[in-house]
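Okay, structure first, notes after.
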Amino acid sequence: MNLDFTKERKQLVEQLQKEGRIISNDVEDAFLAVPREEFIPSKQKPYSYVDKPLDIGSNQTISAPHMVAIMVEAIDLKKGQRILEIGAGSGYHAAIVSHIVGKEGEIISIERIESLAESAKEHFKKAGIRNVKVIIGDGSMGLEKYAPYDNIYVTCAAPLIPKPLIDQLKKDGSLLIPVGDRICDLQKITKKGDEISVEHLGGCAFVPLIGKHGF
């Protein structure tokens, strides 16, 4: 088996650029730098750079690369930000975000499934990523301990927008979340003072958000 996926990674990035999924230099650099094959089970490695979701166990998936690109481009990531991620999964999405916010930034990632949380921690350690903190818990509640956050993104579908996530956003912060039952609407909620605005970014499919403010 070919264990050097450098060529495949570059080809995927070029494909996503042609499709208009990857737009910015920061996102391009992150996708080229982060080895997706290190964040998926061994049996799935041959499909590391196929643009589709992959099974990571516990009835969960790693999102298709194009969806990760869409979400990362849509949220206003900058160096040094504190980001809250709901749904660590394998850790790949957070690894991309980690590269963009840099060593000065921090990602707090909440995962409800202990085995996935521990696996993600190992993936980060192996990849030398030190600015992601994985916490086991109910992501629909957010995490008040480290709030407020510059941005929050959710990698699973909620029936409604959880109020704790809006409350834990900084003013001028953004929340990116799929809303609906599996076939859902990707929404970007921007907080301006005490007001919020909602932008609809299109249809998508995600596993459900389980928790007090989820399914």
Q. What label, among [x] 30; [y] 56; [z] 17, belongs to percent of Cα pairs over 29 Å apart computed from the structure on display?
A. [z]
Q) With Cβ to Cβ distances under 9 Å as the rule, what net charge do the other residues near ILE83 carry (K, R +1; D, E -1)? A) -2
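What ranking of ARG82, ARG130 emerges when the number of other C-beta atoms within 10 Å of each C-beta is taken as an exposure proxy, fewest first? Show your work: numbers first, answer last.
Details: ARG82 19, ARG130 11.
Sorted ascending by nearby Cβ count, the order is ARG130, ARG82.
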Q: For every helix of n ≥ 4 consecutive DSSP H residues, a contribution of -39,500 (n - 2.57) applies; sum these over the chain, divide by its total residues, and give [θ] at 222 nm rounded to the nearest 500 deg cm²/dmol.
A: -8500 deg cm²/dmol
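Work through the residues other than LYS7 whose Cβ is under 13 Å from its Cβ and net out their charges, Lys, Arg +1 and Asp, Glu -1.
Details: positive: ARG9, LYS10; negative: ASP4, GLU8, GLU14, GLU37.
My count for the surroundings of LYS7 gives -2.
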Q: For each of LEU160, LEU169, count neighbouring Cβ atoms within 10 Å of the residue's Cβ, then give the residues from fewest to most.
A: LEU160, LEU169
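In the neighborhood of ASP172, defined by Cβ-to-Cβ distances under 10 Å, what is the net charge if each Lys or Arg adds +1 and each Asp or Glu adds -1?
Result for the neighbourhood of ASP172: +2.
Test of understanding: ordering LYS188, LYS145 by Cβ neighbours within 10 Å, fewest first, what list do you get?
Details: LYS188 19, LYS145 8.
Ascending Cβ contact count within 10 Å gives the list LYS145, LYS188.
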Q) When DSSP assigns beta bridges and you keep just the ones with both residues in the range 6-205, what percent turn out antiparallel, to the nearest 5? A) 50 percent
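Values in this text are rule-based calculations from the coordinates and carry no lab data. Owing to the predicted nature of the structure, the values given are computational and were not obtained by experimental measurement. Glycine gets a Cβ as well: all are built from the backbone with ideal geometry, and neighbour counts include every protein chain shown.
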